[in-house]
Amino acid sequence: MKIGVRVHDFGKSSAEELAKKAKKIGFDGVQLVLNKAIDGETGLPGTLSKEKAEYFYNVFKNEGIDICMLGAYFNPVHSDKTKVDTLVKKFEEHLKYQNDFHAGYVGSETGSYNDDKWTYNPLNRTEKAFNEVLRIFSHLASVAEEYDGKIALEGAYGHCMYEPKQLKRLVDAIGSNRVYYTVDIYNYLDISNYENQTKIFDECLDLFGDRIVIYHLKDFVVEGEKLVQCCIGKGMMNYDYILPKIKKYSPNAYLVFEGSKPEDMEFSYRFIQEKLKEV
C-alpha cells in the first residue's frame, strides 16, 4: 500500500525542499495544500494555471512522489458568504487544474457554524446545515464532471457531516460518481465514543465501500476529558485492527499521515510499514 503525508506538516517552504523531505522518509505521495505548503502560494482563484500545475507535478514526480490529494478545504456554512463564494471558486479552480497536477482528488471537510473554529455547534446537526452543504457540493460535483475531476469528502464529529451515515446520506443525495470518501477515524471520535473506534471504522467500511480513496492516519491519547493527537504508533488507535481491514477492503487507497510532527514521522512511517508487513 502507498503511504503519503500532508506535506505542510514539514513546514512551509519550496516544493523542491518539501519533495525531498517526503522522499527522505520514504513517503510515496503527498496531500498538497498550496497556501499552507508552498512559499508565495495562496491557491486563491486566479493564481493557478496549467503551467504552474505541471511544474508542481514535475517537482514531486522527480522525487518519485505522487500528489494524492489537493487540499482545498473550506467551510461551506461559514457566516461570511463572501468568503464562502471565494473559497468555492478556489475549489472550482483546483478541479479545473487537478489533472494537470496529476492529483488523485480535490478534498474538503463539510464545515461548522462556528466559522473558523470548525468545532461542534448544534446547528451543524440540522436539516438547514445538511441542505446548505448539499447545495454547495452538488454544484462542485457538476464542476468536477465538467473538468473530469474527482472530489474526496471527509466527515468529522464536530462538523455538519458528523457521523459516517450522515456523510453517506450527503454523497447519495449529491448523486455523482465524481464524489468519493476520505476516512479519518480520529475525526469521528470524542471523549464519549473513542472506545468504539473499531465499530465506527467498520461502519465507514460498510457504508462507503470501495469509494474510500484516502485514509488519514493519526493517533491519540486521552488527557482529562479530551482526546489529544500524538505520534502515530504511540497512542490508543487500534492499528492492529484497522490496518488489516484497510489492506483487505481498500488495497488501492492512500494512507496519509495528517498532523504528524516532523520529528515523529520516521518512527511512525516505520511503525505503519511494519504493521502492514504483519498482515
Exercise. Going by the conditions given, is Phe271 assigned to a helix (DSSP H, G or I) and surrounded by 13 or more Cβ atoms within 10 Å (Cβ to Cβ)?
Worked result: yes
Exercise. Does the range 235-245 contain at least one residue that is under 30 Å from Glu145 (Cα atoms), at pLDDT 95 or above, surrounded by fewer than 17 Cβ atoms within 10 Å (Cβ to Cβ) and not basic (Lys, Arg)?
Worked result: no
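This table checks each residue for (1) under 18 Å from Gly155 (Cα atoms); (2) acidic (Asp, Glu).
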site	(1), (2)
Arg178	yes, no
Thr198	yes, no
Asp210	yes, yes
Lys245	no, no
Ser268	no, no
Lys277	no, no
For this session: Return yes or no: is Lys96 touching a residue at least 12 places away in the same chain (Cβ under 8 Å), part of a helix (DSSP H, G or I), basic (Lys, Arg) and surrounded by fewer than 23 Cβ atoms within 10 Å (Cβ to Cβ)?
Result: yes
Seminar exercise, completed: Given (1) surrounded by 20 or more Cβ atoms within 10 Å (Cβ to Cβ); (2) touching a residue at least 40 places away in the same chain (Cβ under 8 Å); (3) within 16 Å of the chain's Cα centre (by Cα), Val183 misses just (2)
Seminar exercise, completed: Selection from the range 77-93 of residues assigned to a loop (DSSP other than H, G, I, E, B) and farther than 26 Å from Lys165 by Cα yields Asp80
Seminar exercise, completed: Screening Leu123, Leu170 for residues that are more than 30 Å from Phe60 (Cβ to Cβ), among the aliphatic types (A, V, I, L, M), without any contact (Cβ under 8 Å) to a residue 60 or more places away in the chain and surrounded by fewer than 22 Cβ atoms within 10 Å (Cβ to Cβ) leaves only Leu123
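The values are calculated or read from the model by the stated rules, or taken from the named source; none is laboratory data. Since this is a predicted model, take the numbers as computed values, not measurements. Cβ: placed from backbone, ideal geometry, glycine included. Neighbour counts: every protein chain shown.
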